[in-house]
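Encoded as structure tokens, the structure appears first; notes follow it.
Throughout, read-outs are computed from the coordinates displayed, never taken from laboratory work. No experiment lies behind these values; they were computed from the predicted model shown. As a convention, Cβ positions derive from the backbone with ideal geometry for all residues, glycine included, and neighbour counts pool all protein chains shown.
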């Protein structure tokens, strides 16, 4: 009798697995995956550059795909577009003195939403220091996110990296406090800082669709990819081709998000709320993901699947992908467990020297403790079409890409159902 029960249990498990595999194949099929990928990487969209007509066309296409799939809109909005704006501060002039000695302008960077800044030691600004033993990037981000006015004295050992702080001016909010960075080893008793910028407001939009959860509606699982790319660059045309189509980077990831939304909507059995988002402006600073992430209490986000460049074979060949930050949570182990019996394998990121965990749209939520990982197949040490006009549809392995999307769908099912909850990122150990 026990043998019969065991036999029946095994048979039922196998039959259930076969049904699930058949179901995912019927929804995530190559022809539909190709249709979406072909349009997103077509010349018609002119490389989907941020602030271009091409990216607007892409956004409308993605929104329509979400509509056709029957997804809800986020927060009862009347649109799938999550519109926001970022301020850009264009430098006009800057000057300053420390204890009466003029500062070299190249050693002075002012980040502010104010067009005119004029301060001195009596203006109420807190003076803080980034020391040579500090992590420069983390220290700068911490000061900017503190929502207070600062004069930041940056140790001269960071001279080679100091100019990178200029990038911070391209992503400021209307309530951004003024932060003055000065490259110096001196601590002044008196100072003056004068700066003038032209402040511009630039419109952006993520595309977001939602499948409400049942018993765990206030817990979220996010599937994401960025839909922007580099646009048209006639000055860097190769063999007469000036359109940077971004078929792999990241029309492939965006296609996966759309296909996964269709799959999970068709199943309609998710206990947790599923959010599908195509981010804007990843290539110019990750602004879409940063805005989106601020709309959530990070404790309510139980997992994030960020999909980036999955259109080519990984270094291990077909039926494989890697997960950035694999060792930071047990999410990879959960995904692999759910693929037991299949040929697909998830690997840890083999390119840790490139810091990929912090370079994609998962990073903002990961820094807040969310098990937010990027899944990719890109051979970052030898990807021939990366950021080139040759990143076109015909360079992709669509059979393999479709299998990857199916594997992600199957691997996510216990997280979607609420049966498994990945461990969280230890924020104390983040870079």
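What to note about this one:
- Taking the DSSP bridge list for segment 87-200 and keeping only pairs wholly inside it, about 70 percent are antiparallel.
- Each 20 Å bin from zero holds the following percent of Cα-Cα pairs in the chain: 24, 51, 21, 3, 0.
- Take every pair of alpha-carbon atoms less than 8 Å apart whose residues are at least six positions apart; their mean separation over the length of segment 87-200 yields a relative contact order of 51 percent.
- Crossing angle, helix 30-40 versus the chain [Cα axis fit, 0-90 degrees, rounded to tens]: 20 degrees
- Distance between modelled label sites at residue 354 and residue 148, nm, 7 Å Cα→Cβ extension: 3.9 nm
- Using a simple spin-label model with pseudo-atoms 7 Å out from Cα toward Cβ, residue 121 and residue 386 lie 4.9 nm apart.
- By other beta-carbon atoms within 10 Å, ranking 201, 390, 77 with the fewest at the front produces 201, 77, 390.
- Fraction of beta bridges assigned by DSSP in the chain that are antiparallel (%, nearest 5): 55 percent
- 0 to 90° range, to nearest 10: angle between helix 252-267 axis and the chain longest Cα axis: 50 degrees
- Given in Å, the Rg to one decimal and the Dmax to the nearest whole number for the Cα atoms of segment 87-200 are 12.8, 36.
- Using the Cβ-Cβ distance between residue 266 and residue 294 with R0 set to 35 Å, the FRET efficiency from 1/(1 + (r/R0)^6) comes to roughly 0.65.
- Ranking of 373, 197, 387 by count of other Cβ atoms within 10 Å, fewest first: 387, 197, 373
- Each label point was placed 7 Å from the Cα along the Cα-to-Cβ direction; for residue 318 and residue 25 their separation is 1.3 nm.
- The chain: angle of helix 53-69 to the longest principal axis, Cα-based, in degrees nearest 10: 40 degrees
- Highest-MSF residue in the chain out of 254, 312, 196 [GNM, Cα springs under 10 Å]: 196
- Working from Cα pairs under 8 Å separated by at least six residues, relative contact order for the chain is 19 percent.
- The slack between residue 339 and residue 113, meaning 0.36 nm per residue of separation minus the straight C-alpha distance, is 76.5 nm.
- Amide N proximity, segment 299-314 versus residue 238 label position 7 Å along Cα-to-Cβ, cut-off under 18 Å: 309-313
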